[in-house]
Each structure stands twice: as structure tokens, then as C-alpha cells.
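For reference, the structure is listed below as C-alpha cells.
The values are calculated or read from the model by the stated rules, or taken from the named source; none is laboratory data. Every value quoted in this text rests on a predicted model; they were computed, and no experiment measured them. Here Cβ is always computed from backbone atoms with ideal geometry, including for glycine, and neighbour counts include all displayed protein chains.
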Amino acid sequence: MNIGIIGLGSIGQMLVKAFCKSAAVPPEKLVVFNRTREKAERLQAEYNIAIAETAQEVCDQCGVVFVCTKPLDILPLLRELSVSAQTHVVSVAAGVSIADLEGVHTGAVSKVIPTVTSQELRGVSLYACSQRLSDEQREQFLGLLSSISLAQEVSEQEIETATILTSSAPGLIAGILESFAQAAVRKTPELQIDLARRMLVETMLGTAMLLQKEQLGFDQLIERVATKGGITEEGLRVLDKTLPSGFDELFAMTESKHDLLKQLVQKQNTVE
């Protein structure tokens, strides 16, 4: 069965690279379409994937179609296309619900929130499925996601908050680490910023591996590192004064952004 990808932004390109790297999809079975053909041709030169001339051609050729366009483009696009009821349509957009997708496609629909780290076959892919999926479609879908990530099913009530912990987290973590590195250089100008960044990246990798391999909780690792009265323990007290409220504000902001996006999607349904 062919797997289709419509839209080759950062997520669409990541899916191409991850599916090919994991060997989950043979390149000749991966059919892509992008309005700017040059993006597709660059990927084809590297992975030997198939390029469709139109989005409709992807739908005609593929049993599973990942729609990787902008959130407000998904429903209008699906209304324009003629998609078989046998085709499993997968949206990667926040703000577009399963019910929204079922309103424009008579077959099986799912939504998945991927992460850019799946390009390295790591990270978490959040997903939610409609009741229309057959057992075979569900098994195939989970196989695809599990080949590039940890596939985690969540309810639509949970997915927005969980997205901050998975899909958004790489960018947020990078921002936190950059602030950490910049603060170190402000304190000690003799320390080169590139060296500070490399130290933090290697430390982050080692921390993640230690947590995973020894199945440690965050609190258990803190106990290992933060000796009584030591620098780490005092440092954690400093962070505890500011980080909790900062993260609360982060989640409140993302909730309001999601609410606005969902309102815009619902306006599209009202117009139709």
C-alpha cells in the first residue's frame, strides 16, 4: 500500500525522512505532493520517493494520506478533493478535531501530533483516532508511528497540553538551554558561547539516557545530584522561585492560542 504526504513543510519533510530512515515505508511506496515542486524534488533526489502532480493524485494512489498543510488549510483542501471512503486520512494539525475531519471525509480519520525529533527516530507521536478505523487500519497506523517514535494515544481533551510536552518541547528546551548558556557567558565572559552550548547538549543527552536506562524519576535523579546543602540543591531553590509560574503562564498562553485556532476552524464549518 502506498503512503501519501500532502505538504512538505517541516513536519511533512520530517515524515519523509523518518519513514525512509526507519525503512517503515519503501521509498517507491511514498508518494508526496507540495505546491512548490522544488521541495519534493530535493527529497526525491535523496530518497527516491514518488512525486504526485496534484494532491488529488496522492489521494487516488494511497491508502493512507498524511495531510501536513497549515491548520486552516486542511478542511478547505479536503472539501476540494475526492477521497475514497477506503482511504485513511491523517491530519497533523492542531485545532482540527476528529469531528471536523469526519465532517469532510466519509472514511477513517485520525489526527497525529508528530515531533521533529522523529527524524532521529526518537520522541513521542501523539495520536487520536475516529471510531471508523478498522482493526487493520489501526494496526497499520500504529506500525507507521511506532517505527519513527513512541506512539502515544491521548484523548482530544489531553492532546493540547500533551503537545507542549512533545511536539513543542524541542524548541522550548532549546530556548531554555540557550538562556542557560548565555547566562553562563554573562557570568564568565572568558567562557566561549559555543563551548557552553556543546556542554549543555552533551549533558542533556547523558541526562536523558540515564533517566531512560535506569528508569529513574526526575525526583530520583535530583536526589543523586543534589547533595544536602550543595550547589545543586541551592540552585534548585532559585529555580523553584520562578520556573513554576513561568510554565503555568506557558500553558495558559497555549490554551488561548488553541482556543482561537478552534474558533477559526469552526467559522470555516459555519461558512460551509
Note to self: For the stretch 243-272, give me the residue count where each residue is β-branched (Val, Ile, Thr) and touching a residue at least 12 places away in the same chain (Cβ under 8 Å).
What the structure shows: 2
Note to self: Based on this model, can you work out whether Thr161 counts as surrounded by fewer than 15 Cβ atoms within 10 Å (Cβ to Cβ), among the polar types (S, T, N, Q) and either touching a His at 6+ places or on another chain (Cβ under 6 Å) or touching a residue at least 40 places away in the same chain (Cβ under 8 Å) (or both)?
What the structure shows: yes
Note to self: For the stretch 1-19: of the residues being closer than 18 Å to Ser167 by Cβ and of a type in the set (S, T, N, Q), which is surrounded by the fewest Cβ atoms within 10 Å (Cβ to Cβ)?
What the structure shows: Ser10
Checklist line | Set Ala108, Ala128: member being touching a His at 6+ places or on another chain (Cβ under 6 Å) and modelled with pLDDT of 95 or more | finding: Ala108
Notebook entry, point to check: For the stretch 18-38, how many residues are within 20 Å of the chain's Cα centre (by Cα) and part of a helix (DSSP H, G or I)?
Noted result: 5
Check: Which residue pairs have Cβ atoms closer than 8 Å, lie 6 or more positions apart in sequence or on different chains, and pair a first residue in the stretch 18-41 that is farther than 20 Å from Ile148 by Cβ with a second residue that is part of a helix (DSSP H, G or I) and among the charged types (D, E, K, R)?
Finding: Phe33/Glu57
Notebook entry, point to check: Which one is farthest from Glu102 (Cα to Cα), of the residues in the stretch 130-163 that are of a type in the set (A, V, I, L, M, F, W, C) and part of a helix (DSSP H, G or I)?
Noted result: Ile148
